[in-house]
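Here the structure comes first, spelled out in structure tokens, and everything after it is commentary.
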Amino acid sequence: MAVLVSVLAAAMAVVSPMTGAADPEVFVGGQFRAAGGGAHQAVTFDAKAIPSGSRVTVVESPGAGATRVELRLDGVQPNRTFGAHVHTQPCGSTPDASGPHYQNVKDPQQPSTDPAYANPLNEVWLDFTTDARGDAHSSTTVAWRFRPGEARSVVIHDHATDTTPGHAGTAGARLACVNVPFS
């Protein structure tokens, strides 16, 4: 079934009415592996929260002036709330390798904690709560498209995203990361 879903998702495309050009979906799926053990599609930095072997799927569906991003996880820590955001750099052997959050309008002050920039309209926030099996699904649509080459991964954080001034956009430690070639 997972192979069929992968083939169907890879074959689907969204047609932009502005240009008539196809904007293909980006589909990434894989299993988390321990960081530092070579190049992996998905890495975990906290094996209790995001165990090696747990699964992740990310789908980007670009459209005319908008982008939908979906995140699905299977087999992570059950009954827990996590934060998740699109980041600017690919995953690496350390949690900080993925860089800051991708922002449609970049905050000149980094790290960004100003709610004028660190908010779900200017960033991609995919916070989720797992069920008793450790499965979860999250999605969001933003009214903009990624700049080419500037959005490279999805990072899973320790807790839900804070929205208070001075802490906006923060979600605790980086627990895991998945490389995504956003378009």
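Whenever a residue of segment 120-148 is at positive phi, its partners that are of a type in the set (G, A, S) and surrounded by 12 or more Cβ atoms within 10 Å (Cβ to Cβ), lying with C-beta atoms within less than 9 angstrom and at least six residues away or across chains, give the pairs G134/S54; G134/G75. Taken together, G92, G83, G134 contain a single residue that is open to solvent by less than 60 Å² (accessible area, probe 1.4 Å), in contact with a helix residue (DSSP H, G or I) (Cβ under 9 Å, 6 or more places away or on another chain) and either in a loop (DSSP other than H, G, I, E, B) or within 17 Å of L175 (Cα to Cα) (or both), which is G92. Any residue at all in segment 99-106 that's open to solvent by less than 60 Å² (accessible area, probe 1.4 Å), touching a residue at least 12 places away in the same chain (Cβ under 8 Å), part of a strand (DSSP E or B) and hydroxyl-bearing (S, T, Y)? Scanning segment 99-106 turns up no residue that is open to solvent by less than 60 Å² (accessible area, probe 1.4 Å), touching a residue at least 12 places away in the same chain (Cβ under 8 Å), part of a strand (DSSP E or B) and hydroxyl-bearing (S, T, Y).
Against the criterion of being over 18 Å from G30 (Cα atoms), open to solvent by less than 50 Å² (accessible area, probe 1.4 Å) and not in a strand (DSSP E or B), T67 does not qualify.
Number of residues in segment 147-173 that are open to solvent by 10 Å² or more (accessible area, probe 1.4 Å), more than 12 Å from the chain's Cα centre (by Cα) and not acidic (D, E) equals 14.
Against the numbered list (1) in a loop (DSSP other than H, G, I, E, B); (2) under 18 Å from D74 (Cα atoms), A118 comes up short only at (2). Looking at segment 1-52, the strands (runs of 3 or more DSSP E) lying wholly inside it that each contain 1 or more residues that are within 25 Å of T130 (Cβ to Cβ) and modelled with pLDDT under 95 sit at 26-34.
Scanning segment 45-74 for residues that are touching a Lys or Arg at 6+ places or on another chain (Cβ under 6 Å) and more than 16 Å from V154 (Cβ to Cβ) gives a single hit, S52.
The values are calculated or read from the model by the stated rules, or taken from the named source; none is laboratory data. This structure is a prediction, so every number in the text was calculated from the model and none was measured. Ideal geometry is used to build each Cβ from the backbone, glycine not excepted, and the neighbour counts take in all protein chains shown. To get the accessible areas, we keep the full protein, side chains included, count just its heavy atoms, and leave off ligands, DNA and RNA. Shrake-Rupley method; radii C 1.70, N 1.55, O 1.52, S 1.80 Å.
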